[in-house]
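Please read the structure below before turning to the comments.
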């Protein structure tokens, strides 16, 4: 049967095509939905209303390397900026196996019970061979992930210094705009450099284990010097005595460090995240810290310094990206690599030549 015969048959039977059963209002909504399915304006609106799906999609746009997604991400960040900066950002680090995920779940659950909205930006280590990540934090925080006032977003660390995902800073802004008032940022803790996470948080918390042979590391400058608090985790069972001894060691070590600009004296706490012991004490300490830095003006000063650091970091990322995407540089780079393989030039001379072309 031809199309004309079908139309005639429908007309004679009085039947209507399926689309004719849809009201004009519904048809308009469907057209608008299809048109604006990925509209950044609608996404921003949903984000500001606290929609976690919109927040997840927004962070996906931020992490994407596609240019169209990057433009959408810029729109979201600009729209979110006036609604951000209303949280406390807590960086949490420690060696693998120290219990970061368990601690974050315990602290996050406690804060939600206190009426807080908690966002967790967990950075998963990326393989240097396959460049893949497990992204298993949602499975490790199985209780926290079920709570309506919690948002957990694992991100691959990639080749970011200090194990912090490159776009974590922008993700923080979106979380704040979505109404989350406590942002927990978990780092890989591989010991490369924690400067990056320190530069984007208000409170820097270092998790340690007792009896792991690293108590005396506290007297060395570095990550301990940046910490606003040291928490000895897994202080339960037979590990309670070693934990108390480790606490004394770190307290002695902290006496050797000069006073912080924030005028805050770092504290050492004991905790058993598995049994939810000591978590409330840690939050009370963070609350005391916030009150102190609000009073002496350091909190706002630190946020301004963070923004300056972000500016330099963004410029560096942009220049690096533009340099390697330049077609002239790509050709010259290939030539210089061949010369290096033939021992006809040095890495320094090759680099100088390539930079002169930029």
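The values are calculated or read from the model by the stated rules, or taken from the named source; none is laboratory data. Computed from a prediction, not measured in an experiment: that's the story for all the values here. Virtual Cβ from ideal backbone geometry, glycine too; neighbours counted across all protein chains shown.
Say whether the condition of being buried (at least 21 other Cβ atoms within 10 Å of the Cβ) and in a helix (DSSP H, G or I) is met by at least one residue in segment 49-56. Yes, some residue in segment 49-56 is buried (at least 21 other Cβ atoms within 10 Å of the Cβ) and in a helix (DSSP H, G or I).
Hey, which of the helices (runs of 4 or more DSSP H) in segment 254-358, taking only ones fully inside, have at least 1 residues that are within 30 Å of residue 110 (Cβ to Cβ) and out of contact with any helix residue (DSSP H, G or I) (no Cβ under 6 Å at 6 or more places or on another chain)?
Here the list reads 279-296, 298-325.
Out of the residues in segment 191-214 meeting the condition of being outside any strand (DSSP E or B) and touching a strand residue (DSSP E or B) at 6+ places or on another chain (Cβ under 8 Å), tell me which one is modelled with the lowest pLDDT. This residue is 214.
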